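Contents: one structure, followed by commentary.
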Amino acid sequence: MDTAVESALRMQIIAWVHERAERNGGFLHRQELLSYRTGDRDLPLIDFSRGIRNPAGFASTLAIVQSAHGPYDDIEDPDDGLLHYAYRSGDPFGGDNRKMRAAIETGMPLILFRKETPNYYTPIAPVYVVDDVPEESAFLIALDESFRYMGDLRSLSEPQRAYALRLAKQRLHQPAFRTRVLLAYETRCAVCTLRHGSLLDAAHIAPDASARGIPTTPNGLALCKIHHAAFDQNMLGISPDYVVHIDRDLMEEIDGPMLKHGLQEMHGRALTLPERVEDRPDRELLAERWEGFAGVR
Ligand SMILES: [Zn+2]
């Protein structure tokens, strides 16, 4: 395939993945990825059995899959903010790894699919293969192109490391957190049960900026945009017994249907919780947040 054609096709695929994920709430189902078609060609975006996806005719790798482990999404190296992606085992100089090396040369963008739970993937794109580390049997994957020009990535300067970590937080941790929280809540707002992924966020209970503001499901709530904003503004509070409260002043206001149905009628409602107990909101974190809400009431 001609380089310009391959490049254009990648852009088209990346745009489709973003659009589809956004519609779902930030993730794609395995079946959506396997059934992708372009023109009259089937072009699955992930491989059935391996992590590296090298479609026929592509000079370099199109996509890589990595599974998240445990409650933290700590699949990237916490030290340097780069993803250390293991060679396809068995054959370090085989075709899969060769096309990953080709991506270092061409600078072609790839898609990283983070497998959060069986069948569900958070797409992170574009990402770039920026180095080959034979002594680790791994490739280094960066979240933007600038790392291609940073020289020796095995000893990043302090500002470079800080930049990589900040980028990882925005481009990896936050999207992955949204996927896990939305899936735990079956893509429903915990307050009003609205079921449109594109209108749902993962809200932090302990704020993102605080020490306890970690991106784990028990520190999250699936909330629609309006309830998320109301929660962050202390117009809506959630008590540790999982009941929704609306600010007193707001309860007395008279306005249109959004205020009446969207906010006032939510007062006293029980939260719609994840089925799995371990995914439910941490009551201690809620209690801390509740103090802030009760304080302004
Ligand atoms: Zn809602």
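Between Pro257, Pro240, Pro281, the distinction of being touching a Lys or Arg at 6+ places or on another chain (Cβ under 8 Å) and of a type outside the set (A, V, I, L, M) belongs to Pro240 only. The number of residues in the stretch 152-210 being more than 24 Å from Val129 (Cβ to Cβ), crowded, with 17+ Cβ neighbours inside 10 Å and without any contact (Cβ under 8 Å) to a residue 40 or more places away in the chain comes to 5.
Would you mind stating whether Leu33 is touching a residue at least 60 places away in the same chain (Cβ under 8 Å), assigned by TED's automatic domain parsing to the domain that holds Gln66 and closer than 23 Å to Thr187 by Cα?
Details: touching a residue at least 60 places away in the same chain (Cβ under 8 Å): yes; assigned by TED's automatic domain parsing to the domain that holds Gln66: yes; closer than 23 Å to Thr187 by Cα: yes.
The answer is yes for Leu33.
The set of residues in the stretch 185-226 being in contact with an Asp or Glu (Cβ under 9 Å, 6 or more places away or on another chain), within 16 Å of the ligand (Cβ to nearest atom), part of a helix (DSSP H, G or I) and of a type outside the set (Ser, Thr, Tyr) consists of Gly197, Lys225.
If we scan the stretch 234-242, do we find a residue that is surrounded by fewer than 23 Cβ atoms within 10 Å (Cβ to Cβ), charged (D, E, K, R) and in a loop (DSSP other than H, G, I, E, B)? Yes, the stretch 234-242 contains at least one residue that is surrounded by fewer than 23 Cβ atoms within 10 Å (Cβ to Cβ), charged (D, E, K, R) and in a loop (DSSP other than H, G, I, E, B).
Looking only at residues of the stretch 69-100 that are in contact with a Lys or Arg (Cβ under 9 Å, 6 or more places away or on another chain) and of a type in the set (A, V, I, L, M), we find that the one that is modelled with the lowest pLDDT is Ile75.
The values are calculated or read from the model by the stated rules, or taken from the named source; none is laboratory data. Just so it is clear, the model here is predicted, and its values are computed rather than measured. Glycine also receives a Cβ, built like all others from the backbone with ideal geometry; neighbour counts cover every protein chain displayed.
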